[in-house]
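Please read the structure below before turning to the comments.
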Amino acid sequence: MSSRKQPKGKIRPPKKPNSADAQFNDNWDRLAQAIREIHKKNASILSFEELYRNAYNMVLHKNGDKLYNGVREVITQHLEEVAVSQVVPAFPLSGASSSQTNPNGAGGANFLKVLKTVWEDHTTCMLMIRDILMYMDRVYAKTANVPLVYDLGLDLFRDTIVRSQNYPIQNHLLEVLLQQIKLERENEIIDRTNVKASIDMLLELTDASTKDTVYATDFENKFLETSSEYYRVEGQMLVGEYDAPEYMKKVDKRLNEEEQRVRHYLSQTTEPKIRNIVEEELISKHLKTVIEMENSGLIPMLRNEKMDDLGRMYKLFGRVVKGHDEMKSAISDYIRELGKAINETVTSNTTAEGGNAASGDKQTGATVAVRWVQEVLDLKDKFDKVQNLALSNDKAFQTSFNEAFEYFINKNSKSPEFISLFIDDNLKKGLKGKTEEEVDSVLDKTITLFRFIGEKDVFERYYKQHLAKRLLLGRSVSDDAERGMIGKLKVECGYQFTTKLEGMFNDMRISSDTMTDFKEYLDKSVLEKPKLDLSVTVLTSTFWPMNLSASPRCNLPPELTKACGTFQNFYLGRHSGRRLTWQSNMGTADIRGSFKARKHELNVSTYQMVILLMFNDKQDGESLSYEQIKGESDIPEADLKRNLQSLACAKYKILVKEPKGKEINPGDQFNFNNDFTAPLQRIKIQTVASKVESEGERKETREKVEEARKHQTEAAIVRIMKDRKTMEHNLLIAEVVKQLQSRFMPNPALIKKRIEALIEREYLERATGDRRVYNYLA
Amino acid sequence: YSNLLQDFSSMLDDADDHDVLIQVGENQDIEEFRAHSNILRARSKYFKAVLSNVSNDLFNGKIKIKKSNIIPSVFKIILKYAYIGEVNLSEQPVKNVLELLIASDELHLEELFEYAQDFLIENRTSWVQHNLIHVFRRVSSLSNCKKLQNHCI
């Protein structure tokens, strides 16, 4: 029966149209019938080998195209039937989208179920058909460049069912899918397997023109559009209904749900897209609203230290472009605001205090400074904690927080002084009862504030003053703590910053040795011994903050002058060529005073001693006027007033002032207070020294700082120019700023003035061709 | 690895655990071969397809397949090739080689097909030349047989 079984040797034309057609028809009829049986699920009655051989023979006899087209026709016909008889009757009632008539989407679910069955049937049949037509696939499809029969089946399914021109299957399918997803978003339980089957089907079908999946071309965009709309509405609703923490929980949940949805029944390629939509609609669009929510937004979270909520916000907002920026700026603004409040309490306090400075409430100044630093430290602690627990130690946040701290700390022009006072307070008495670790941690924290100070040179000046007092008045509690602090400053600013401070320590040590030697010298000496014990600390003038040129004058009592002379001889004998200047404003004295009730030992400043000794020559009741004291002692006016205040207006009234009052005024009369009593035998008279500088002192310190800055700026310019020889103006300015900014922020006008000064003094010249360029003159 | 081939060969010759019966040939020239479905499936796309679609052709618990358009002596070569991947064509009558060529095309045995084609061109050159018309007529419809077709022309 096969054409191959021709007798050998007999040559015939290769094709006889009639018999070949008949052959084709016969073979094709059987195959078409077989495919129909397969569609009817009757494949078991077929002989696979026979069908295979039919197809094989048809291809062999060049009827591949007829076979291929025939198969296409049979399958198309079948699918048309399926569409009419199975798919269309399963359409959900009155439109899939109408959830009113179809509240739980049962009709939709059923439709998906039918489609699932139809799809599964189709693919099963196509596998069998593919096997039978294997030879056609290999020989014909390849050479004719047409899709393999299985792919043909997919395309036919796409065009006849999914994108049917005759029935609105596509609309129903998409609407049902979107409706099912919507139902699930509204917490209904849906049958995910049916949805997944349809999605998988769409994923398996290919769009002919784009070569993309039908899922991508037909479904995905619609899904994303409806999702956008859904979350746009939901976002507005949630923002209105919930507070910030609840809102974020909802968003978190939504993000999770969508991720789960993709994993369970959508394509992974959709994941970033739907994530973007939820992030855009629920996060980006409501960033500010959520951050600024009253009573529950970012600031209330910070105020109440809601670390979990803050952490959630950090994580959620980090998903969108502006999220962290918005958070950062909101938190920074908040820090600035809190900082401003701290600064304001200080200014209101100091101005209030300024009014009654004469009250002698000498603690307030330091207290304000200590409280200011403590409050700033507490604020820093708070935000360190937030940073640590909620913000994953995000560097960008840290930077922005630091900027905020820097901003408000430098807004307070007194911050260098305050920080130095805070350290002073801690190194003086605050440390009592604290362990070394506690000391260290307090100082470490203070250093973090020190870092924020722009004017480190101003700090240095105050630190030197405070350190000088601690050292000279023996107020420093622990040498180790002092050195520890200097060590920390050294780490921050380098050795230049601390050489002078270390020099001060050295002077103290050498002085103590010198005093031992002085005592020996006195013992051996034939000279008359002074009538009083003299203890001298020799300070190297360049290390210490005292101003030599304005060295305070004071007429010392003769005994003291004599003792000083003895020391001066001793000291200059050992160190020739040095000059000693007495800093009478820094000394203390122990004197004995006899009052009516009893004798008291009084620990007073040198000036107070000078004042008190004047009353030795006076009769009881004889008074001295302010002018008399001033004239006789030659003590500078500000110091005199302060010391008189300490003696006459403070806790221990050794002198009685007439008229009474807290202020010392010209014309006041002073009497020795014979009736003075006190419970203790030994009394320390504190000098009323406003620890926070008075306005005048501040101005003076400012001027000193400005003067020092001029020198430093000039030094930097010369250093740079010596190295570069020639340099353009702006580059020079930039380099100077770079070198000096660790100490202070020099303003360009200052630098420019210094450059001009250096040109005048012929260190520099302007280049002949270009006035913006400077040359160094060796 | 000669042991492996030997063992597979004896699996074919002395099979007692076969699960497939293949009836080959027609008219008087019929022979029934025993084989193992797993080997056939693994070695040939054609048999894989056949065996996947024969759920009811069971005979005594064995799958029964008819392949009438291949003669037994040629099918024997094919089966041996399926089991041990070896054929010895020089011992075969040349017309069997031609039939083998045609059958291996039908059964998607590309390797065997290429081998048989080359064998005819290179080792049976004179026979092909003497029977040029017959050979050409037999292979003219095989679209994969371009080499031999060109050789004939």
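The values are calculated or read from the model by the stated rules, or taken from the named source; none is laboratory data. The structure presented is a predicted model; accordingly, all values stated were derived computationally and were not measured. No Cβ is skipped: glycine too gets one built from the backbone with ideal geometry, and neighbour counts run over all protein chains shown.
Just one of the listed residues (B:Ser2, B:Ser10, B:Ser37, B:Ser68) is within 11 Å of chain A (Cβ to nearest Cβ) and of a type outside the set (A, V, I, L, M), and it is B:Ser68.
Taking region A:193-219 as the region of interest, how many residues are in a helix (DSSP H, G or I) and over 16 Å from A:Val176 (Cβ atoms)?
Narrowing region A:193-219 to residues in a helix (DSSP H, G or I): A:193-204, A:214-219.
If we keep only those that are over 16 Å from A:Val176 (Cβ atoms) too, we end up with A:203-204, A:216-217.
The number of residues fulfilling the criteria is 4.
Here A:Leu31 passes the criteria (1) crowded, with 20+ Cβ neighbours inside 10 Å; (2) within 13 Å of chain B (Cβ to nearest Cβ) except the one numbered (2). Out of all the residues in region A:16-26, is one or more over 60 Å from the mean Cα position of the chain (by Cα), part of a helix (DSSP H, G or I), at pLDDT below 85 and within 30 Å of A:Ser85 (Cβ to Cβ)? Among the residues of region A:16-26, at least one is over 60 Å from the mean Cα position of the chain (by Cα), part of a helix (DSSP H, G or I), at pLDDT below 85 and within 30 Å of A:Ser85 (Cβ to Cβ), which makes the answer yes. The requirement of being in contact (Cβ under 8 Å) with a residue 24 or more places away in the chain, assigned by the TED database to the domain that holds A:Glu337 and more than 26 Å from A:Leu740 (Cα to Cα) is not satisfied by A:Leu449.
Looking at this structure, is A:Met504 part of a helix (DSSP H, G or I) and more than 38 Å from the chain's Cα centre (by Cα)? Here the answer is yes, as A:Met504 does meet what is asked.
Yes or no, residue by residue, for (1) modelled with pLDDT of 80 or more; (2) surrounded by fewer than 19 Cβ atoms within 10 Å (Cβ to Cβ); (3) in a strand (DSSP E or B):
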site: A:Met609; (1), (2), (3): yes, no, no
site: A:Leu613; (1), (2), (3): yes, yes, no
site: A:Gly621; (1), (2), (3): no, yes, no
site: A:Lys630; (1), (2), (3): yes, yes, no
site: A:Leu640; (1), (2), (3): yes, no, no
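The criterion of at least 3 residues that are crowded, with 18+ Cβ neighbours inside 10 Å, in contact (Cβ under 8 Å) with a residue 24 or more places away in the chain and over 11 Å from the mean Cα position of the chain (by Cα) is met, among helices (runs of 4 or more DSSP H) falling completely within region B:74-153, by B:110-123, B:132-139, B:146-152.
Taking region A:742-769 as the range and being in contact with a strand residue (DSSP E or B) (Cβ under 6 Å, 6 or more places away or on another chain) and either of a type in the set (A, V, I, L, M) or assigned to a loop (DSSP other than H, G, I, E, B) (or both) as the test, the residues that pass are A:Leu758, A:Leu764, A:Ala767.
When each of B:Leu101, B:Leu112, B:Leu148 is tested for being touching a Ser or Thr at 6+ places or on another chain (Cβ under 6 Å), away from chain A (no Cβ under 12 Å) and closer than 22 Å to A:Met136 by Cα, the lone residue that passes is B:Leu112.
A single member of A:Asn104, A:Asn145 is at pLDDT below 90, more than 21 Å from A:Lys41 (Cα to Cα), surrounded by fewer than 16 Cβ atoms within 10 Å (Cβ to Cβ) and more than 14 Å from chain B (Cβ to nearest Cβ), and it is A:Asn104.
Selection within region A:37-67: residues that are more than 12 Å from every other protein chain (Cβ to nearest Cβ) and touching a helix residue (DSSP H, G or I) at 6+ places or on another chain (Cβ under 6 Å). The member of this set that is farthest from B:Leu142 (Cα to Cα) is A:His39. A:Pro272 satisfies every condition listed in (1) out of contact with any helix residue (DSSP H, G or I) (no Cβ under 9 Å at 6 or more places or on another chain); (2) not in a helix (DSSP H, G or I) except (2).
Please verify whether region A:642-650 includes one or more residues that are surrounded by fewer than 19 Cβ atoms within 10 Å (Cβ to Cβ) and in the same structural domain as A:Thr606 (by the TED database). Steps first, answer last, please.
Going residue by residue through region A:642-650, those that are surrounded by fewer than 19 Cβ atoms within 10 Å (Cβ to Cβ) are A:650.
Now drop any that are not in the same structural domain as A:Thr606 (by the TED database), which leaves A:650.
Among the residues of region A:642-650, at least one is surrounded by fewer than 19 Cβ atoms within 10 Å (Cβ to Cβ) and in the same structural domain as A:Thr606 (by the TED database), which makes the answer yes.
Please go through region A:149-172 and pick out each residue that is within 13 Å of chain B (Cβ to nearest Cβ) and more than 60 Å from the chain's Cα centre (by Cα). A:Val149, the sole residue that qualifies.
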